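Derivation of every value follows stated rules applied to the coordinates shown; laboratory data play no part. Keep in mind that what you see is a predicted model, and the values were worked out from it rather than measured. Note that we place each Cβ from the backbone using ideal geometry, even for glycine, and neighbour counts take in every protein chain shown.
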Amino acid sequence: MTGAIFDIVLCLLILAVALAAILGRDLFGSVVFFIVYGLLVALAWTRLGAVDVALAEAAIGAGLTGVLLVGAVARLRRGGVVEPTPPRPLARGAQMGICVLAAGLVGAAIAGLDPDAAGLTATVAQNLEASGVGNPVTAVLLNFRGYDTLLETVVLLVVLIGVWSLAEDRYWGGRPGLRQHAKPGGVLATYGRFLPPLGLLAGVYVVWAGTDQPGGAFQGGTILAAVWLLVAMAGLVDAPPVTARRLRLTIVAGPALFLAVAVAGIFMGGFLHLPPEHAKQLIQTIEAGLALSIAATLALLVAGPPQRGAR
Amino acid sequence: MTGLDTATLFAWCGAGLIGIGLYGFLANRHMLRRLVAFNVVGSGIFLVFGASGARRADLGPDPVPQALIITGIVVALATTALLVALVIRYADLAGRATLPEDEPGDDGKE
Amino acid sequence: MSIATLFTALMTTGGLIFFIAGSVGMLRFPDQHSRLHAMTKADNLGLGMIVLGAMAQAGGPLVVFKLALIWILAVAASAVTAQTIARATLPGQADPEA
């Protein structure tokens, strides 16, 4: 009973915060509400028992997307671009009608679902033994539906190239973002030294634990990306030029490793086939490579296109 | 299964989020606000999808939708990053963060 | 009611009061920096009290340690977040490269 009340309150809170993020008075406030919204949705995922998704939502959906949007608001403000007034038009009947209709249709579809449909849970559980890992979500991500994940890492790579290609011509090949400075001995400079060891430990642990417990390359990689962003924000390291060979090798290593294992699978039964006796080691190798590349790619996506020369 | 179970509740919450996000997408002119709305619609869809796969309390949440949703969350971030870069570049060149067809009179310039 | 339960109830209630104060401050204060002040100060203390309350119910030393770690990491994270937001919203801040 207490659980049901908690869930209902949580649902209402999520809807209210989503409304605040959509209709907030100022843009910055909207973005902050969106971050809160992401954390509440992560809480909803834990209530549903989907801890892997909760980790991904909190780290990526709320955390990195939030940093990206806060940065964008600050960047527009610096560029002198302000919101047009009034910030939002009054509710228009037809638009609201369409949205209520859309939500109602989805709701009706949910009500019409077969309550006893078993889905694929049992199928995954039966084949978990052969996947080499104990976490069913990791088994789906890296074994049963490995091609999704392989293509996803390629999507990340393509998007990074897209972001870089938005650089001004004179900065092409330069360093992403602006050089960050922090007051020596200030809060950021101190935490930029204090948090990274803990962050690295947590990131590597989440990747490693992902084979048998909630976690994995994406969640762990995001933590590692956040560590790098923090250190960069504290002015302790600078972003490398996008032409740097080591940087390019880092972002390509994971997808390349994954692709190599996938191609090697052709000789053992088919593209992306992981032989059950070696599956665990192969998945851990792929995850380690992916975590490194994902961390670098996500951090660079947040840093944005090159904005200054390579020097 | 009788009454309102947790999974169905959250699935309906997701349906509500799709409606709210869609409204934000239609009603807001600022492109960053539209990007926020786009992300709300996205997570609403994820919630509908994931909660629908978690209705059998005896089996636990279905791992296949979970894996697809994690992929979706990452792709949504990648899309957002590309669109943020596009909005900033556009704002640098045009001096505003709204599209001309949305607001012929008011271009948001200071 | 045992001493531990009473302690938990008191601490959780106290923590919630700080959370409410912080949230009211965030919604009512006029500018971003005083809002940040309300959020970070009140919420860190509120979370600390709730963590203390939860520790009284913990099953063993490992859980107590994890709860303490949650509080320390949350405080560290809120310090970094507050700095980042404060920087992003500094009024009239010129482009540092210009």
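Packing, taken as the mean count of other beta carbons within 10 Å per residue, orders the peptides A:168-179, B:7-18 from highest to lowest as B:7-18, A:168-179. Rounded to the nearest Hz, the phi-derived 3J(HN,Hα) couplings of region A:122-127 under the Karplus curve 6.51 cos²θ - 1.76 cosθ + 1.60 (θ = phi - 60°) are 5, 4, 5, 4, 5, 9, where x marks glycine and proline.
Protection proxy ranking, highest mean first, for peptides B:60-68, A:233-241, C:24-32: B:60-68, A:233-241, C:24-32, where packing is the per-residue count of other beta-carbon atoms within 10 Å, averaged. Between A:R25 and A:I98, the FRET efficiency from the beta-carbon distance, with R0 = 22 Å, is close to 0.35.
In degrees between 0 and 90, to the nearest 10, how far off the longest principal axis of chain B does helix B:6-27 point, with axes built from Cα atoms? Around 10 degrees separate the two axes. For the protein assembly as shown, the residue among A:L120, C:P61, A:A209 whose Cα projects farthest onto the positive side of the dipole built from Cβ charges is C:P61. Of interest is the spacing of the C-alpha centroids, which for region B:25-75 and region C:14-69 amounts to 29 Å.
With both labels modelled 7 Å from their Cα along Cα-to-Cβ, the A:L200 to C:K41 distance reads 3.6 nm.
Here, P(r) means the percent of Cα pairs in each 5 Å bin from 0 to the largest distance; for region A:1-110 it is 2, 11, 14, 18, 19, 17, 11, 5, 2, 1, 0. Gyration tensor analysis over the Cα atoms of region B:6-94 returns equivalent ellipsoid semi-axes of 31, 15, 5 Å (largest first, whole Å). Full extension of the chain between A:D148 and A:W172 yields a length gain of 5.5 nm, computed as 0.36 nm times the residue separation minus the alpha carbon distance.
Label separation (A:V263 vs A:R179): 4.1 nm, computed from points 7 Å beyond Cα along the C-beta direction.
Over the residues of chain C, the helix contribution to mean residue ellipticity at 222 nm works out to -28500 deg cm²/dmol, using -39500 (n - 2.57) for each DSSP H run of at least 4. Per-peptide packing, taken as the mean over residues of other Cβ atoms within 10 Å, places A:255-262, A:268-275, A:302-309 in the sequence A:302-309, A:255-262, A:268-275 from highest down. Annotation: amide H of A:R308 within the under-5 Å range of A:R175, sequence separation 5 or more or interchain, hydrogens built in the peptide plane. If R₀ is 22 angstrom, what is the calculated FRET efficiency for the pair C:S34 and B:A94, using the beta carbon separation as r and rounding to 0.05? Using R0 = 22 Å, I get an efficiency of 0.05. Multiplying the residue separation of A:E129 and A:A111 by 0.36 nm and removing their Cα-Cα distance gives an extension gain of 3.0 nm. Mean projection of the Cα convex hull over all viewing directions, computed for chain A: 21.0 nm².
About its Cα centre, the dipole of region A:189-311 is roughly 540 debye, where the only charges are +1 on Lys and Arg Cβ and -1 on Asp and Glu Cβ. For A:V81, no residue whose modelled amide H falls within less than 5 Å of its own remains once neighbours fewer than 5 places apart on the same chain are excluded.
Centroid-to-centroid, using Cα positions, region A:264-279 and region A:288-309 are 30 Å apart.
Projected onto planes of every orientation and averaged, the convex hull of the alpha-carbon atoms in the protein assembly as shown covers 26.5 nm². For region B:1-106, a crude dipole built from +1 on the beta carbon of Lys and Arg and -1 on the beta carbon of Asp and Glu, taken about the Cα centre, is about 80 debye to the nearest 20. The mean number of Cβ atoms from other chains found within 10 Å of a Cβ in peptide A:130-140 is 3, as a whole number. Each residue of region B:58-70 was assigned a 3J(HN,Hα) from its phi angle through the Karplus curve 6.51 cos²θ - 1.76 cosθ + 1.60 (θ = phi - 60°); the sequence is 6, 9, x, x, 5, x, 5, x, 4, 5, 5, 5, 4 Hz, with glycine and proline shown as x. Taking the Cα atoms of region A:228-304, the ratio Rg/Rh between the radius of gyration and the Kirkwood radius comes to 1.13. Counting Cβ atoms of other protein chains within 10 Å of each residue's Cβ and taking the mean over peptide B:31-41 gives 6. Peptide A:110-120 shows a mean partner chain C-beta count of 5 within 10 Å per residue C-beta. Here region C:1-36 is scanned for amide nitrogen atoms under 16 Å from the site 7 Å beyond the Cα of C:V64 along Cα-to-Cβ, giving C:3-5, C:7-8.
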